[in-house]
Amino acid sequence: MLAEDSTLMRAGLVSLLEGLGHTVVAAVGDGDALVAAAREHRPDLVITDVRMPPGFTDEGLRAAVTLRASDPRAAVLVLSQYAATAYAAELLGPTGQAGVGYLLKDRVGAVADFADVVTRVAGGDTVIDPDVVRQLLSRQRTANPLDRLTPREREVLGQMAEGRSNPQVAQALGISDAAVAKHIGNIFMKLDLPAEEGHRRVLAVLTYLRA
């Protein structure tokens, strides 16, 4: 089964998976639906995006972790836009008997590699994207963490550092509230601030001020 909030991406992945000979028993658009559908259908593999409604931060990952913690037989493959090492560690945390994978979305375009990962994770293997492995093995604390951010994300973080709320940031930068939420989600991921850190907004601002 598949969980992806983008309708076009979801349809494309369903088509790709079916073209590879797999049966997609459910295709949903948010984390709660992911958990419910996985428990109903008991699929051989759950494939999910990290960012899902309503917050577009880490709802898909949270759902995957919840599912693995409650069902050790649940094989999960998480697709991410960024090589967020904290998220990879979070996914690998719960013990389980089933396969688990963390793959960058860019790899989906390499159909043969993606097909191999799907088969391996469904079969019980652990597969982590090579770019994520490299970051896990050679994280350089000397580098400025803000270098990972886009110019717009730096602007948003700067507004946050000034104590502005999401609507105030949106107004100041002339963008929508939804765009602000997505930028903040990207900031949290790129700064490796896992969701269990209850004050991620504060930690992000501290990172900004120390840089």
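The values are calculated or read from the model by the stated rules, or taken from the named source; none is laboratory data. What you see is a predicted model; the values in this text were computed from it and never measured. Here the Cβ positions follow ideal geometry from the backbone for every residue, glycine too, while neighbour counts run over all protein chains shown. Ligands, DNA and RNA are stripped out before the accessible areas are found, and what is left, the full protein with its side chains, is counted by its heavy atoms. Shrake-Rupley method; radii C 1.70, N 1.55, O 1.52, S 1.80 Å.
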Legend entry - Residue in the range 110-121 that is modelled with pLDDT under 70 and either over 19 Å from the mean Cα position of the chain (by Cα) or among the acidic types (Asp, Glu) (or both) present: no
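Could you say whether any residue in the range 127-134 is open to solvent by 70 Å² or more (accessible area, probe 1.4 Å), hydrophobic (A, V, I, L, M, F, W, C), at pLDDT below 85 and not in a loop (DSSP other than H, G, I, E, B)?
No: the range 127-134 contains no residue that is open to solvent by 70 Å² or more (accessible area, probe 1.4 Å), hydrophobic (A, V, I, L, M, F, W, C), at pLDDT below 85 and not in a loop (DSSP other than H, G, I, E, B).
Residue under question is ALA172, and the condition is that it be aliphatic (A, V, I, L, M) and modelled with pLDDT of 80 or more; does it hold? So that I can check it myself, show each step before the final result.
Numbers: aliphatic (A, V, I, L, M): yes; modelled with pLDDT of 80 or more: yes.
Taking the combined requirement at face value, the residue satisfies it.
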Legend entry - First in the range 102-114 and within 20 Å of ALA75 (Cα to Cα), second anywhere and open to solvent by 40 Å² or more (accessible area, probe 1.4 Å) and among the acidic types (Asp, Glu), Cβ under 7 Å, 6 or more apart: LEU104/ASP131; ARG107/ASP113
Inset, instruction - Inspect the range 86-94 for any residue being modelled with pLDDT of 80 or more, surrounded by 19 or more Cβ atoms within 10 Å (Cβ to Cβ) and either touching a Leu at 6+ places or on another chain (Cβ under 7 Å) or closer than 18 Å to VAL28 by Cβ (or both) and give the result as yes or no. - result: no
Inset, instruction - Would you tally the residues in the range 1-48 being part of a loop (DSSP other than H, G, I, E, B), over 16 Å from VAL117 (Cβ atoms) and open to solvent by 60 Å² or more (accessible area, probe 1.4 Å)? - result: 3
Inset, instruction - Return the total of residues in the range 169-184 being within 25 Å of MET52 (Cβ to Cβ) and open to solvent by 80 Å² or more (accessible area, probe 1.4 Å). - result: 2
